[in-house]
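The values are calculated or read from the model by the stated rules, or taken from the named source; none is laboratory data. Note that the coordinates shown come from a computational prediction; the quantities given were computed from them, not determined experimentally. All Cβ positions, glycine included, derive from the backbone under ideal geometry; neighbour counts span all protein chains shown.
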């Protein structure tokens, strides 16, 4: 049976294939030149340089077996782990690997299309490789998940095709192993087992029972790892949610409204790839309105019409491309309870990285058939590649820096994520006032998002705008940030700096209740209790903090100062024992600081005086005063002079 819209694969000499593959790689590299030298974007730092699974060498096993992040993609994290050993936080290294993976995927796409007999397979792969939509995957380090997953997915498809052609089991095993690795890089390829029989139908014009049985191991892998991904996304987040079954049922109406609109959006961007941006924002999805389901019903009707007319060459080709396109997009059309779809955007360019191959191949094949003469084909191909190359070059340049990316995003889509990103950029530039303004816009756009409120609180604290910061912290607690100890700590610090120590103590206590192993909250709580003249309670908190970090200099110094200033009133009832312990703790703290911190030395002098060793106290106070004067800290120097005079007169320092 003849294959509609397809040419039988023509054998090429190996040297010709190598030249064509090299040409594809060069084409991709040239189009992506601005992307090689860029920096970290959006959540790149969170995924790589700030991720202990990546930065700490012993954590390689945790990536696979004790991964407590919000998603499970161990192959991708392992690639980052390996690269971090090579170039640490040097972003161009990661970007280069990502773009080269994309170039390799372009070559693999060509080989797959050629094996499928798609006309102008090389040109179709070239168009896909330098299509601007792919920039969101290739020039964004965090989307290594896409480029790496597709690399192994393409190897899986090639293995499947080789097994069909030769019947050798090794190719089937190769295909299955590569598919599992692809899922472990990113589970978005879970629908590949449904696509494989479609490839068989395209090549032979029919699907047999054997064709439906062969993908069963692939389906089992998809089922297991797909459920694992859903479990991670639904249980590893801080906010509680419904059970998996309830969440899935609740998502079905949303998918029914979103799917048709999303498919139309993606096809339009494939045909007219301008106005591309990182975040497009959320669409209003009125699931209670029957007319809202019309776009999705329209997509179903088109596919049904193509099936009805499948005996016609054009309909068969369209049906094949549409089926592959829709199956590849299925996981992100809204039918699954994906958090990003509900909180950030209904569509994203990087989500159609794999699916883009289908409409591109169909369009190129159609153009190849319509343009009969070779000169016309060459001219048209050159024009298309030139236009796409320029657009991709410009898009890759936009993705070089966070500021350029978010500026471009705000010009096209005024979304809260872009305001939040711009706020972080401006803060790094030292433009705190402008950063706060952007942070407020982010909060206005997403008042229920903890991250927007938290960013605002951090900026306000840095600018010493404590009343506003406390108000913002309360807003964070109101929108669901009450499980984050950092929020309670920030609210406590803001209250303390405003002079409301009682409120500070309450916030610290609440934070310690949800995170009893938080060293920072215990230390801050102890300091608040110390200021509230509750030395017994303060000493208990300091001791709890030291049980977590026994050599932390600030905690050692804080407890030593408390014991020296309140001997006999911190729990033991023995003033001499408290003074002796204070000397020991102060010596340890000062030693950690190489005896160069005047504040720590002042604590040691105070402890020695409490113990009754005034000559030693004066000697240490002299050194502390000299260091304070050398450092230009006039206020501390004045305080130390007062302490030294007390010690010279044989009196300890006992605050009122």
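Considering region 63-96, the residues that are under 15 Å from the mean Cα position of the chain (by Cα) and part of a loop (DSSP other than H, G, I, E, B) include one that is surrounded by the most Cβ atoms within 10 Å (Cβ to Cβ), namely 73. Annotation note: of 60, 27, the sole residue that is surrounded by 13 or more Cβ atoms within 10 Å (Cβ to Cβ), at pLDDT 95 or above, farther than 20 Å from residue 404 by Cβ and in contact with a helix residue (DSSP H, G or I) (Cβ under 9 Å, 6 or more places away or on another chain) is 27.
With respect to the conditions (1) assigned to a loop (DSSP other than H, G, I, E, B); (2) exposed (fewer than 15 other Cβ atoms within 10 Å of the Cβ); (3) at pLDDT 90 or above, residue 279 falls short on a single one, namely (2).
Run down 151, 179, 171 and say which single residue is in contact (Cβ under 8 Å) with a residue 12 or more places away in the chain, closer than 18 Å to residue 353 by Cα and surrounded by fewer than 22 Cβ atoms within 10 Å (Cβ to Cβ).
Step by step, each of 151, 179, 171 is checked, and only 151 is in contact (Cβ under 8 Å) with a residue 12 or more places away in the chain, closer than 18 Å to residue 353 by Cα and surrounded by fewer than 22 Cβ atoms within 10 Å (Cβ to Cβ).
Each row is one residue, and each column tells you yes or no for (1) touching a residue at least 12 places away in the same chain (Cβ under 8 Å); (2) surrounded by fewer than 15 Cβ atoms within 10 Å (Cβ to Cβ).
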{"position": "285", "(1), (2)": "yes, no"}
{"position": "291", "(1), (2)": "no, yes"}
{"position": "295", "(1), (2)": "yes, no"}
{"position": "298", "(1), (2)": "yes, yes"}
{"position": "304", "(1), (2)": "no, yes"}
{"position": "307", "(1), (2)": "yes, yes"}
{"position": "311", "(1), (2)": "no, yes"}
{"position": "314", "(1), (2)": "yes, yes"}
{"position": "322", "(1), (2)": "yes, no"}
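Starting from region 356-378, keep only residues that are under 16 Å from residue 106 (Cα atoms), then list their pairs with residues that are in a loop (DSSP other than H, G, I, E, B) whose Cβ atoms are within a distance under 7 Å, requiring at least 6 positions of separation or different chains. Pairs found: 356/131; 360/131; 361/118; 364/120. Of all residues in region 187-220, which are under 25 Å from the mean Cα position of the chain (by Cα) and more than 25 Å from residue 362 (Cβ to Cβ)? The answer is 187, and nothing else.
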